[in-house]
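Contents: one structure, followed by commentary.
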């Protein structure tokens, strides 16, 4: 690791987001993020990027499945 606090924060960021840091590393990252606007913006970017990837990578329902589920919920239990 390096002595540059921003570089160290960058190295810890993914593990911080994944909640994989040791307690001392977590405290170090927290303290740096509270005091560094650049790294805080980088952190928010990563959070937003992860959220986007998670939602855009979600598997879509096959055509007609939503209609079939609606029929089942409505009591239309006919076999197709």
Distance in nm between pseudo-label sites at residue 69 and residue 52 (7 Å out along the Cβ direction from Cα): 2.6
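Taking 0.36 nm per residue of separation and subtracting the Cα-Cα distance, what length does fully extending residue 61 through residue 6 add? Could you put the intermediate results ahead of the total?
Details: separation 55, 0.36 × 55 = 19.80 nm, distance 4.25 nm.
Between residue 61 and residue 6, full extension yields an extra 15.6 nm.
Relative contact order of the chain: what whole-number percent is it, with Cα pairs under 8 angstrom and at least 6 residues apart? Walk me through the intermediate numbers first.
Details: 26 pairs, mean separation 16.2, N = 80.
RCO, the chain: 20 percent.
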Helix 5-17 axis, angle to the chain major axis (alpha carbon atoms, nearest 10°): 30
Percent breakdown of C-alpha pair distances by 10 Å bin, ordered from the shortest bin, for the chain: 16, 32, 15, 11, 14, 10, 2
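Every number here is computed from the coordinates shown, using simple stated rules; none is lab data. Just so it is clear, the structure is predicted and the values come from calculations on it, not from any experiment. No Cβ is skipped: glycine too gets one built from the backbone with ideal geometry, and neighbour counts run over all protein chains shown.
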